[in-house]
Amino acid sequence: MTDAVQDTRRPPGTPCWSSLMVHALGTAEAFYGELFGWEYEPGPAPFGPYVRALLDGREVAGIGEMPPDRDLPVAWTTYFATDDVDAAAEAVRSCGGTVAVGPLDAGGAGRLAICSDPLGAVLGIWQADGSAGTQLPGPHGTPVWAELVTQDTSTVGKFYAHVFGHVAEHGTAPEGLAGGADFDYLTLRLEGRPVAAVHGVGRSLPHDRGPHWMTYFAVDDADAAAAQVRRLGGTVVQPPREGLTGRVATVTDPEGACLALVERTPR
């Protein structure tokens, strides 16, 4: 592991990367390139067609193409940092989750596993080597928050606490990104710092999506970004609405992957 990776490696349990698997890689590159200003470079070869998205030359996310014979749901996957992916995968199994892929090496960039929690939400686990994950958090087009949308928080809150060491706290979302006191909502903390959240929506969970991790991407203007999503062939699921520190919209890309756009108000 290089000194640069050592310096930027996320604390274990922190969301560190967002990755999307699609059916048409070129179409996804064009959509997110226009929406977020991303440029691309080839990613690890062992996983087939895969690119890393860049802003100002720094990695922010990844997009891969499914094999033609695979018809899996198109969705963004949140990866959590770990110092030992094999031990974390074993913890997933022992806490009622499932390990679907790995642990395996990612072409010198690191080591990973793809899992699901006890209610079926897919997540990734990442042990950094050559790549620590997202390198430029904050500006337009970068992932800034991760939230699990699921039936209820009680079971999965304990799962994430055991696997990643999160301390679950009932209450509102930090910085008003989503949720509120009237929701079944957990903020997941590490050393007192909010790193992710679990939002229980009961029977309101979309039948075509199931429990899933939602990636929030920063945008300069939520209304303009939502309008651009429509122009680029995506769908606005929830129009921009006011949060405590900015406006938030929920959208899907042309293949149906769901994401949130959050307008971060300067402090």
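The values are calculated or read from the model by the stated rules, or taken from the named source; none is laboratory data. What you are looking at is a predicted structure, and each value in this text was computed from that prediction instead of being measured. Note that we place each Cβ from the backbone using ideal geometry, even for glycine, and neighbour counts take in every protein chain shown. Surface areas here come from the heavy atoms of the whole protein model, side chains and all, with no ligands, DNA or RNA. Shrake-Rupley method; radii C 1.70, N 1.55, O 1.52, S 1.80 Å.
Quick notes on this one:
- Residues that are touching a residue at least 60 places away in the same chain (Cβ under 8 Å) and open to solvent by 70 Å² or more (accessible area, probe 1.4 Å) within segment 19-46 comprise 23, 27, 34, 45, 46, listed in sequence order.
- Some residue of segment 34-54 being out of contact with any His (no Cβ under 8 Å at 6 or more places or on another chain) and under 28 Å from residue 205 (Cβ atoms): yes
- Elements of type strands (runs of 3 or more DSSP E) contained in segment 10-112, each with 2 or more residues being aliphatic (A, V, I, L, M): 15-22, 50-55, 58-65, 98-105
Table: residues versus (1) farther than 24 Å from residue 155 by Cβ; (2) buried (at least 17 other Cβ atoms within 10 Å of the Cβ).
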| residue | (1), (2) |
| --- | --- |
| 188 | no, yes |
| 191 | yes, no |
| 215 | no, yes |
| 228 | yes, yes |
| 235 | yes, no |
| 241 | yes, no |
| 258 | no, yes |
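- Flag if residue 90 is without any contact (Cβ under 8 Å) to a residue 40 or more places away in the chain, closer than 30 Å to residue 263 by Cβ, among the acidic types (Asp, Glu) and surrounded by fewer than 16 Cβ atoms within 10 Å (Cβ to Cβ): no
- Within segment 217-249, the set of residues being part of a helix (DSSP H, G or I) and of a type in the set (A, V, I, L, M) comprises 222, 224, 225, 226, 227, 229.
- Test: residue in segment 73-85 that is acidic (Asp, Glu) and free of Cβ contacts under 8 Å to residues at least 24 places away in the same chain: no
- Flag if residue 222 is open to solvent by less than 10 Å² (accessible area, probe 1.4 Å) and modelled with pLDDT of 95 or more: yes
- Summed over segment 93-107, the residues that are surrounded by 14 or more Cβ atoms within 10 Å (Cβ to Cβ) and either of a type in the set (D, E, K, R) or on the phi > 0 side of the Ramachandran plot (or both) give a count of 4.
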